[in-house]
Amino acid sequence: MKFNLRVMAPNRTVWNSEAQEVILSTNSGQVGILPNHAPLLTALDIGIMKIRIDSQWTAMALMGGFAMIDNNQMTILVNEAEKASDINLEEAQQAFQIAQTSLTEATGRKQIIEANLALKRAKARLEAINATTISL
C-alpha cells in the first residue's frame, strides 16, 4: 500500500508522488508514517525526512514547517526543502564549518540564536547527504 505525499515550499512544490513510508523530524522527536496512519497535524523541526518508495529510500532536508496526514494524503508545508541529490557536498561542508565558527564567535543572545539556527540548517543538509550514501 502507498499514500500520496506532497511537500510544498512557499515558491514551489518540492515533492509530489506516492510513498510507502516516511520518517519525519518533528518538534517532539521522529515519527514514522505508513499507509492508513491516523489523522495527524504536527510541527516539523529543522532536520531530515526519509521517504521510502518500494525498496528505495530518498532523503530530504526540511527547514521547519508543518505536516498533516488524513485519508492517505500527506501534505508537508515547509519554509524550505532540499532533496539530498540536489545538495552540493562541498558547499554543505563549507556552510557547516562557517556556521560552527559563527557560533563560537557569537556574542549576545540574538547572534547566538541566529548562529544556532544556521548550524542546525547546515547540519540537516549534511545529514540528508549522509542518509543517501549510507544504507537506510
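The values are calculated or read from the model by the stated rules, or taken from the named source; none is laboratory data. From a predicted model like this one, the values you see are computed outputs, not experimental measurements. For neighbour counting, all protein chains shown are included, and Cβ atoms are generated from backbone atoms with ideal geometry for every residue, glycine included.
Numbers for the structure displayed
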read-out	value
Top-ranked residue of the range 8-67 - restricted to ones that are of a type in the set (D, E, K, R) and either crowded, with 16+ Cβ neighbours inside 10 Å or under 15 Å from the mean Cα position of the chain (by Cα) (or both), ranked as nearest to Ile129 (Cα to Cα)	Lys50
Inter-residue pairs, beta-carbon under 6 Å, first over 16 Å from Met49 (Cα atoms) and in the range 1-20, second not in a strand (DSSP E or B), 6+ apart	Met1/Pro35; Lys2/Gln20
Index of the failed condition, Thr75 passing every other in (1) outside any helix (DSSP H, G or I); (2) among the hydroxyl-bearing types (Ser, Thr, Tyr); (3) at pLDDT below 95	(3)
Selection within the range 28-69 - among the aromatic types (Phe, Trp, Tyr) and either farther than 22 Å from Leu117 by Cβ or touching a helix residue (DSSP H, G or I) at 6+ places or on another chain (Cβ under 8 Å) (or both)	Trp57
Sole residue being outside any strand (DSSP E or B) and touching a Lys or Arg at 6+ places or on another chain (Cβ under 9 Å), chosen from Ala59, Ala124, Ala128, Ala118	Ala128
Residue in the range 90-111 that is of a type outside the set (Lys, Arg), touching a Ser or Thr at 6+ places or on another chain (Cβ under 7 Å) and touching a residue at least 12 places away in the same chain (Cβ under 8 Å) present	no
